[in-house]
Amino acid sequence: MKKSWLSTLLLVGSLSMPIQALAQPQTGSVEALLQKMGQTSQNSTYELSFININSQGIVPIRYRHTLIDGKPLAQLMQMDSTRREIVQRGDEISYFEPGLDAFSLRNDHIVDYIPSIIYQDFNELSGYYNFIDAGRTHIGDIPSRVVRVLSKNNDRYDYVLFIDEERYLPLRVDLLDKNNDIIEQFRVITVNEGNEVRTELNSLRTVNMPPLLLVPKAKPLVYNWSVSQLPEGFKEVKRSNHQISETEFSQSILFSDGLFDFSIYVNKRGQQVNSPERDKMLRYGRNTIYTYDKEGNEITFIGQLPFPTAQAIVNSVVFTKK
């Protein structure tokens, strides 16, 4: 039988709404609760209608998920005028957007609009996050457990998760900056379960999907600079060269810990720069942009970390003479 619960918290209080006083924390492993949430999100049959609230506005989304023959089958649809759609079949994610050519990529889950923390290995995250049981509350009329996920070294953003106490699905996820202000919020409006969800998704198995985008294997790139200070858990993912003009180019390295990403760009100017704007910072939603001139090079950080962390990473860039 199909079940549905309506959240009455759609826009009440918006992003600035503080977390209300909660009941006393419950017994049991917080890590086990988080792992159960991740397993349920990836292995169950359900439909979520939710809103994603960020600096660009409010985006209404419908997300359906099931497993068929042990492989995930999911659909995410943006419910406003653009009607953007993303479909997952196994490890292939297909993107459909009006006015653009459809394409597919390989991944194990849809990354758009759904908080990446839901899919993490929390045993691994425990190396640089503390998990705090913040008690119980209600999202709409649904009893929920509340977990605070706090950076141990204060070098990452924090999370507050509201998890359905019976079904273990995430009902609300707040991404917080270091002032405890909400940067981004995932908030479920309705939850549906039952065979109807599986039946609706099953029709996607016969749909022709766009071809996979094949990313050519990149040649190893050797730079005369490196980042000497990284937050624990971050690893280099990719290097790229970017031509800016005939005489100017940029090099970049992408880093990730699986939860957050950032890139360091080095623009080779070829001369010493002492601009009065050499130490510039901008935050746009969850993204920090920080630029610093060093030894005739413009270094830019673009990524999902607080400003003090971005500044420390950029200041740790060292150059070697060729």
Please sort by residue number the trypsin sites (Lys or Arg not before Pro) in segment 56-131 whose DSSP state is loop and whose Cβ has at most 16 other Cβ atoms within 10 Å.
-> Arg83
A correct Karplus calculation of ³J(HN,Hα) over segment 279-293, with 6.51 cos²θ - 1.76 cosθ + 1.60, θ = phi - 60°, whole Hz and x for Gly and Pro, returns 10, 10, 9, 9, 10, 10, x, 7, 8, 9, 10, 9, 10, 8, 9
Show the residues, 5+ positions off or on another chain, whose built amide H is closer than 5 Å to the amide H of Glu165.
-> Ser144, Arg145
If segment 78-141 were replaced by its equivalent ellipsoid, with semi-axes equal to the square roots of 5 times the Cα gyration tensor eigenvalues, what would those be, largest first, whole Å?
-> 31, 19, 9
Which net charge results for the neighbourhood of Asn202, defined as the other residues with beta-carbon distances under 15 angstrom from its beta-carbon, given Lys and Arg at +1 and Asp and Glu at -1?
-> +1
Residues with amide H under 5 Å from that of Arg84, placed H, sequence gap 5 or more = Gln78
Mind checking segment 126-166 for trypsin sites (Lys or Arg not before Pro) that DSSP puts in a loop (not H, G, I, E or B) and that have at most 16 other Cβ atoms within 10 Å?
-> Lys152
Of the cross-linked pairs Lys235/Lys321; Lys235/Lys268; Lys268/Lys321; Lys71/Lys219; Lys36/Lys235, which ones have a Cα-Cα span greater than 22 Å in the structure shown?
-> Lys235/Lys321; Lys235/Lys268; Lys71/Lys219; Lys36/Lys235
Under the Karplus relation with 6.51, -1.76 and 1.60 and θ = phi - 60°, whole-Hz ³J(HN,Hα) for segment 168-181, x at Gly and Pro, equal 6, 8, x, 10, 7, 9, 9, 9, 10, 7, 6, 9, 6, 8
Please report, to one decimal in angstroms, the Kirkwood hydrodynamic radius of the chain built from all distinct Cα-Cα pairs.
-> 21.8 Å
When only the heavy atoms of the protein chains count and the probe is 1.4 Å, how do Thr199, Thr66, Thr137 rank by accessible area, highest first?
-> Thr199, Thr137, Thr66
Compute the accessible area per residue over the chain, keeping the other protein chains in place, probe 1.4 Å, unit Å².
-> 52 Å²
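The values are calculated or read from the model by the stated rules, or taken from the named source; none is laboratory data. Bear in mind the structure is a predicted one, so any value in this text is a computation, not a measurement. All Cβ positions, glycine included, derive from the backbone under ideal geometry; neighbour counts span all protein chains shown. Please note that ligands, DNA and RNA were not included when accessible areas were found on the heavy atoms of the full protein model with its side chains. Shrake-Rupley method; radii C 1.70, N 1.55, O 1.52, S 1.80 Å.
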